[in-house]
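What follows is one structure encoded as structure tokens, with my remarks underneath.
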Amino acid sequence: MKLALERSDAELAFLAANDLDEFNRWDASQTLASRVLLAAAATLQKGGTPELPSSFVDAFRATLQASSLDMSLKAEALTLPGFSTLAQEMSVIDPDALCGALRVTRKGLAEALRPELEAAYADLAPPAGAAFDTTTASVGRRALRNVCLAYLSKLDGNDAVCKAQFEAATCMTESVGALGPLATLPGAARDACLSTFYEKAKANNEGLVINKWFAMQAAADVPGALDNVKALLNHEAFDASNPNRYRSVVNTFAGANPAQFHAADGSGYKFVADETIAMDGRNPQVAARLAGSFNQWKKFDAKRQALMKEQLERIKAHEGLSKDSFEIVSRALK
């Protein structure tokens, strides 16, 4: 059962900017952001150009500049709801509209609040020569600074800012906070930083860090993303027999790159179905989990439903399919 409180956008904006209870403030900001994003998606579906409500921008600014808020909570409040959360609110999921709404809103906030974001990002920089620590304040500072950078990365030319943070990073949080946004910005800065990150992890034999390196690229919503993912499968560090390494690429693409997995031509679906069939003979449990990427197929538009159903039926018809995968696929097709 989902409890729904009837609150207007104006009430939510006021609570998001002023509520003294930090949880209520976060909840109001997320509810308001969801409404704004879903409205933007509806506008895109009609061929229009979304505009951010001034009350939403003002509430975002107030949270960003609030000195009394815990910085970790502030970082969470300033992070927009993701695709999977928003998709639950649509009767028919439209990946193009939802992903477009997220892109437009992130960039719109960055443009509207560029001075405030730049000031906050600069103020949150660690003091020169400061030792790394894990105090609550430092953890929150790093989280909030990375959120600011993620927004600023949506503005032209800010790949240099991401590169500068990456090169100056003194911990993994700062490195990943720079490299994540940079992975979505094709160019020399991205390539150089990805190479440096990988070579360092390789030299230190850090398998989990290499998994993160794979995952950041698989999740990147960029042109040619599927070709990039296929290239990662041929990388020297990729090992399909290692479940965590495999999931860092293929499952991440299917679950964390909705714009590309749900490509209108069905190429993302075919790739994941091909991988499910190939993996089934080696590790049925991993294959079954990957097949679960199609579980929500009936909630999409008719064209995507047909494309996903086609791949589910192809997986089910594969000779010698394991019981694990057969159960997942059969249940999805009911």
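The values are calculated or read from the model by the stated rules, or taken from the named source; none is laboratory data. Owing to the predicted nature of the structure, the values given are computational and were not obtained by experimental measurement. Glycine also receives a Cβ, built like all others from the backbone with ideal geometry; neighbour counts cover every protein chain displayed.
Overview of values
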quantity: Failed item in (1) closer than 18 Å to Gly180 by Cβ; (2) of a type in the set (Lys, Arg); (3) more than 22 Å from the chain's Cα centre (by Cα), with Arg282 passing the rest; calculated: (1)
quantity: Neighbours by Cβ (under 8 Å, 6+ apart or cross-chain): first from the stretch 160-176, under 13 Å from Cys193 (Cα atoms); second β-branched (Val, Ile, Thr) and modelled with pLDDT of 95 or more; calculated: Phe166/Thr196
quantity: Close pairs (9 angstrom Cβ cut-off, 6 or more residues apart or separate chains): without any contact (Cβ under 8 Å) to a residue 12 or more places away in the chain and at negative phi in the stretch 116-128, among the β-branched types (Val, Ile, Thr) and surrounded by fewer than 14 Cβ atoms within 10 Å (Cβ to Cβ) anywhere; calculated: none
quantity: Cross-chain or 6+ apart pairs with Cβ under 6 Å, the stretch 281-302 first and within 15 Å of Asn242 (Cβ to Cβ), then modelled with pLDDT of 95 or more and charged (D, E, K, R); calculated: Gln285/Asp324; Ala287/Asp280
quantity: Residue satisfying all of: in the stretch 72-105; farther than 27 Å from Thr49 by Cβ and surrounded by 20 or more Cβ atoms within 10 Å (Cβ to Cβ); farthest from the chain's Cα centre (by Cα) among these; calculated: Lys74
quantity: Criterion: hydrophobic (A, V, I, L, M, F, W, C) and under 20 Å from Ala33 (Cβ atoms) - qualifying residue of Ala160, Ala150, Ala125, Ala137; calculated: Ala150
